[in-house]
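See below for the structure under consideration.
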Amino acid sequence: MENRCEFAVKIAREAGELTLRYFNRDDLGVERKSDGSPVTLADRGAEELVRRRVAELYPEDAILGEEFDDKEGTSGYRWIVDPIDGTKSFITGVPLYSTLIGIEKDG
């Protein structure tokens, strides 16, 4: 079994590939969150992918993301996910964005 750091890199790449399918498209489904920041179908899809993949391999881990409610865990590990860091760039077609994934142990 691969360790969490290796797995984080792998799923960040997967999420990045997903976001590229939306890049420079007119049908991004841009909405505004309660804080006024933009969110797209790509943001939500990438975070859903990361959450699904983490739950498959590490179901006891917590997850904190930008687009969905926190998932509590019991393992002491928490995944911190920003599916598209640079959504404003992403929306305008500027290729300066990334998928960020962090892993926290016992706070």
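Between Glu56 and Lys71, residue separation times 0.36 nm minus the direct Cα-Cα distance comes to 4.0 nm.
Spacing of the modelled spin labels on Asp26 and Glu104, each 7 Å from Cα toward Cβ, amounts to 4.2 nm. With all protein chains kept in place, the per residue accessible area of the chain amounts to 58 square angstrom at a probe of 1.4 angstrom. Seen against the Cα atoms of the chain and their longest principal axis, helix 41-57 is set at about 10 degrees.
Helix-only arithmetic for the chain: the sum of -39500 (n - 2.57) across DSSP H runs with n ≥ 4, divided by the residue total, places the mean residue ellipticity at 222 nm at -12000 deg cm²/dmol.
If packing is taken as the average number of other Cβ atoms within 10 Å across a peptide's residues, how do 72-83, 23-34, 52-63 rank, most packed first?
So the peptides 72-83, 23-34, 52-63, ranked by packing, come out 72-83, 52-63, 23-34.
Each residue, Ser89 and Lys10, gets one label point 7 Å from its Cα in the Cβ direction; the gap between the two is 2.7 nm. Directionally averaged projected area (region 1-104, Cα convex hull): 6.4 nm². Bridge orientation summary for the chain: considering DSSP beta bridges with both residues in this region, about 70 percent are antiparallel.
The values are calculated or read from the model by the stated rules, or taken from the named source; none is laboratory data. It should be emphasised that the depicted structure is a prediction, and the values quoted were computed from it without experimental measurement. Glycine also receives a Cβ, built like all others from the backbone with ideal geometry; neighbour counts cover every protein chain displayed. Ligands, DNA and RNA are stripped out before the accessible areas are found, and what is left, the full protein with its side chains, is counted by its heavy atoms. Shrake-Rupley method; radii C 1.70, N 1.55, O 1.52, S 1.80 Å.
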